[in-house]
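The values are calculated or read from the model by the stated rules, or taken from the named source; none is laboratory data. Small disclaimer: the values here were computed from a predicted structure and weren't measured. We place every Cβ from the backbone using ideal geometry, glycine too, and count neighbours over all the protein chains shown. All accessible areas refer to the heavy atoms of the entire protein, side chains included, with ligands and DNA or RNA removed. Shrake-Rupley method; radii C 1.70, N 1.55, O 1.52, S 1.80 Å.
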Amino acid sequence: MAKKSKKQQSGGTPATVALTAAGTPHTLHQYAHDPSHPSYGDEAAEAMGVSPERVFKTLLAEVDGALTVAVVPVAGSLDLKALAAAVGGKRAVMADPAAAERSTGYVRGGISPLGQRRKLPTVLDASATAHESICVSAGRRGLEAELAPDDLAKLTDAVLAPIGRV
């Protein structure tokens, strides 16, 4: 039988391990994921009783062919032109879901901006700074991490830019 890593033994995800290793103050919120729910983000907001403006989804796009992480409120959508501009690119398209999963090491609906397999350019929607804390996926469906937006930006080396649309 294969030996489990400390991360697997503790039940942590790469995102929770990254938060703990950095000493970043955060709160984990766990809820029962309903696979039939039409929106992972809306489900998280409802389950936690948090405004959808404070719950952020992690999306992957290709900007001029390079994978880029976009973190935007679940209450809106990603403005691809604004994302491209934020990283000095010309054109952005949504990434293939399989490529997003391979690159991050997470499954769709559980992709976290933290603890990804490969460090990618990251853009956090500027609306995050209007909140004391925001929630992002903690690395699996049904698990969210609540932390200060400045801490998230610091941990991911994110650029802050208005990339979300309501």
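Within region 147-166, the set of residues being assigned to a strand (DSSP E or B) and more than 22 Å from K81 (Cβ to Cβ) comprises L147 only.
Does A47 satisfy the criteria of being of a type outside the set (S, T, Y), surrounded by 13 or more Cβ atoms within 10 Å (Cβ to Cβ) and within 22 Å of A153 (Cβ to Cβ)? It is false that A47 is of a type outside the set (S, T, Y), surrounded by 13 or more Cβ atoms within 10 Å (Cβ to Cβ) and within 22 Å of A153 (Cβ to Cβ).
Is it true that some residue in region 106-124 is β-branched (V, I, T) and more than 24 Å from P25 (Cα to Cα)? Yes. Exactly one residue among V63, V107, V74 is of a type in the set (V, I, T) and over 15 Å from the mean Cα position of the chain (by Cα), and that residue is V63. Among the candidates T58, T122, T68, T129, the residue that is open to solvent by 40 Å² or more (accessible area, probe 1.4 Å) and of a type in the set (V, I, T) is uniquely T129. For region 139-156, does any single residue satisfy the condition of being of a type in the set (G, A, S), without any contact (Cβ under 8 Å) to a residue 60 or more places away in the chain and either open to solvent by less than 10 Å² (accessible area, probe 1.4 Å) or over 21 Å from S39 (Cα atoms) (or both)? The answer is yes; a qualifying residue exists.
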